[in-house]
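Undergrad: Before I ask anything, here is the structure I am working with.
The values are calculated or read from the model by the stated rules, or taken from the named source; none is laboratory data. Since the structure is predicted, the reported quantities are computational estimates derived from the model, not experimental observations. As a convention, Cβ positions derive from the backbone with ideal geometry for all residues, glycine included, and neighbour counts pool all protein chains shown.
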Amino acid sequence: MTRRALHYVLKIGNRVKNVQFFRDLLGMKVLRHEEFHEMCQAQCNGPYDGKWSKTMIGYGPENEHFVLELTYNYGIGNYKLGNDLLSIRIESKSAYENVSRQNDVLFMHKNPECIVLSSPDGYLFEVANPDHDQSLISKVSLSTANIPRSKQFWHGLLGMNVNEENDNSFIASFGEKDARLEMVGIVGNQPIRHEKAYGRIAFACPESELPEIQQRMLTDGQTILTKLVSLDTPGKATVQVVIVADPDGHEICFVGEKGFAQLSQVDPKAEDSLEKEMGADKSDEWYAKSGTGKEKCE
């Protein structure tokens, strides 16, 4: 089994502010940018019709790094947050130093080892000051209502290795150099609320493993959101995906490695494309003139 973590999907309400946050403040690179006029068959942008965009951003190519997928729906200004995504951890000396120098950043927590701050949409990021020179997104922390049940799913059913664990959390990954997934028990037996800002974590695997993943989910009575399907991106490779959910409702996309390796190539013109589209985006003005403002997804 050769599976690896690829990216986490975040819905964003303002591309300009998010580019300033991820690229200019945290030092990430724009890897790919695509514009769409119809909703994604796999609901990458959520259950929304109309124009939207996808921007992949991170510290290096997705075949070597865990990155973020920023999905932007032109008609939506912000999304209600749930308690599902707890934080995303970054390890980067340069990002830590850059954030430390800012006077207009609202810190949730700050010490010589780590700074916790909020993105423009309210997602929490831990920016660690590591003892190495590499910059990377190293961990995604999600909440669970039941640690044993969650561990059985991610470790027992999907085959992730448990790297660390205690009574209220565990950290798992498919490989030693992989970005890690942390599952943390929710305080007070609260239900997991995904709300409109719900995200999705994606993993690559050989195409031959996709039917097996789907069958194991069916046999175990787990949730399949999108059965094995081939997705086309105009002018790019076709990829096969299966999208499932864990017992807490966290969405998980398994994508065929071969097709994704072609699809995920870094586009040297991605940043220029993004800047062009942001400059041409008059949706804020249009909604302001209409007197309605962009939709707030509660």
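Table: residues versus (1) within 17 Å of Cys44 (Cα to Cα); (2) surrounded by 16 or more Cβ atoms within 10 Å (Cβ to Cβ); (3) among the acidic types (Asp, Glu); (4) touching a helix residue (DSSP H, G or I) at 6+ places or on another chain (Cβ under 7 Å).
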{"position": "Phe170", "(1), (2), (3), (4)": "no, yes, no, yes"}
{"position": "Ser173", "(1), (2), (3), (4)": "no, yes, no, no"}
{"position": "Glu176", "(1), (2), (3), (4)": "no, no, yes, no"}
{"position": "Glu195", "(1), (2), (3), (4)": "yes, no, yes, no"}
{"position": "Leu218", "(1), (2), (3), (4)": "no, no, no, no"}
{"position": "Gly221", "(1), (2), (3), (4)": "no, no, no, no"}
{"position": "Ala245", "(1), (2), (3), (4)": "yes, yes, no, no"}
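Undergrad: Out of Ile147, Ile171, Ile137, I need the residue that is over 14 Å from Phe203 (Cα atoms), hydrophobic (A, V, I, L, M, F, W, C) and over 21 Å from the mean Cα position of the chain (by Cα). Which one?
TA: After ruling out the rest, the residue left standing is Ile147.
Undergrad: Mind checking which residues of segment 61-73 are surrounded by 19 or more Cβ atoms within 10 Å (Cβ to Cβ) and either not in a loop (DSSP other than H, G, I, E, B) or not hydrophobic (A, V, I, L, M, F, W, C) (or both)?
TA: Glu62, His65, Val67, Leu68, Glu69, Leu70, Thr71, Tyr72, Asn73
Undergrad: Can you tell which of Gly50, Gly27, Gly46 is among the small types (Gly, Ala, Ser) and in contact with a helix residue (DSSP H, G or I) (Cβ under 7 Å, 6 or more places away or on another chain)?
TA: Only one candidate qualifies: Gly27.
Undergrad: Now, a different point. Taking Ala204 as the residue in question, decide whether it is in contact with an Asp or Glu (Cβ under 6 Å, 6 or more places away or on another chain), under 20 Å from Thr71 (Cβ atoms) and at pLDDT 95 or above.
TA: Judged against the criteria, Ala204 is a match.
Undergrad: If you take the residues of segment 12-47 that are of a type in the set (Asp, Glu) and within 25 Å of Ala261 (Cα to Cα), which of them is surrounded by the fewest Cβ atoms within 10 Å (Cβ to Cβ)?
TA: Glu38
Undergrad: Inspect all residues belonging to segment 238-251 and state whether any of them is out of contact with any Leu (no Cβ under 8 Å at 6 or more places or on another chain), assigned to a helix (DSSP H, G or I), in contact (Cβ under 8 Å) with a residue 60 or more places away in the chain and closer than 23 Å to Val67 by Cβ.
TA: Scanning segment 238-251 turns up no residue that is out of contact with any Leu (no Cβ under 8 Å at 6 or more places or on another chain), assigned to a helix (DSSP H, G or I), in contact (Cβ under 8 Å) with a residue 60 or more places away in the chain and closer than 23 Å to Val67 by Cβ.
Undergrad: When both residues are 6+ apart or on different chains and their Cβ atoms are under 7 Å apart, which pairs have a first residue that lies in segment 163-189 and is of a type in the set (Phe, Trp, Tyr), and a second that is assigned to a loop (DSSP other than H, G, I, E, B)?
TA: Pairs that qualify, where the first residue is of a type in the set (Phe, Trp, Tyr) and the partner is assigned to a loop (DSSP other than H, G, I, E, B), are Phe174/Arg3; Phe174/Met160.
Undergrad: Within the group Pro148, Pro130, Pro112, which residue is free of Cβ contacts under 8 Å to residues at least 60 places away in the same chain and within 28 Å of Met217 (Cβ to Cβ)?
TA: None of the other options fit; the residue is Pro148.
Undergrad: Moving to a separate point now. Go through (1) in a loop (DSSP other than H, G, I, E, B); (2) surrounded by fewer than 21 Cβ atoms within 10 Å (Cβ to Cβ); (3) in contact with a Ser or Thr (Cβ under 9 Å, 6 or more places away or on another chain) and name the single condition Gly50 misses.
TA: Gly50 satisfies all of (1) in a loop (DSSP other than H, G, I, E, B); (2) surrounded by fewer than 21 Cβ atoms within 10 Å (Cβ to Cβ); (3) in contact with a Ser or Thr (Cβ under 9 Å, 6 or more places away or on another chain) except (3).
Undergrad: Same structure again: So for segment 221-231 (the condition being of a type in the set (S, T, N, Q), in contact with a Leu (Cβ under 8 Å, 6 or more places away or on another chain), in contact (Cβ under 8 Å) with a residue 60 or more places away in the chain and under 16 Å from Leu158 (Cβ atoms)), does at least one residue qualify?
TA: For segment 221-231, residues of a type in the set (S, T, N, Q), in contact with a Leu (Cβ under 8 Å, 6 or more places away or on another chain), in contact (Cβ under 8 Å) with a residue 60 or more places away in the chain and under 16 Å from Leu158 (Cβ atoms): present.
Undergrad: Something else about it: Being assigned to a loop (DSSP other than H, G, I, E, B), surrounded by fewer than 17 Cβ atoms within 10 Å (Cβ to Cβ) and at pLDDT 95 or above narrows it down to one residue among Asn83, Asn103; which is it?
TA: Answer to the check: Asn83.
Undergrad: Here is a further query. Go through (1) within 28 Å of Ile186 (Cα to Cα); (2) under 21 Å from the mean Cα position of the chain (by Cα); (3) in a loop (DSSP other than H, G, I, E, B) for Pro130 and report which single condition fails.
TA: Result: Pro130 fails condition (2) only.
Undergrad: Right, next: Regarding Ala280, is this residue aliphatic (A, V, I, L, M) and without any contact (Cβ under 8 Å) to a residue 12 or more places away in the chain?
TA: In short, yes.
Undergrad: Right, another one. If I filter segment 58-86 down to residues being among the charged types (D, E, K, R) and either free of Cβ contacts under 8 Å to residues at least 60 places away in the same chain or touching a His at 6+ places or on another chain (Cβ under 6 Å) (or both), which single residue comes out as farthest from Asn14 (Cα to Cα)?
TA: Per the stated criteria, the residue is Glu64.
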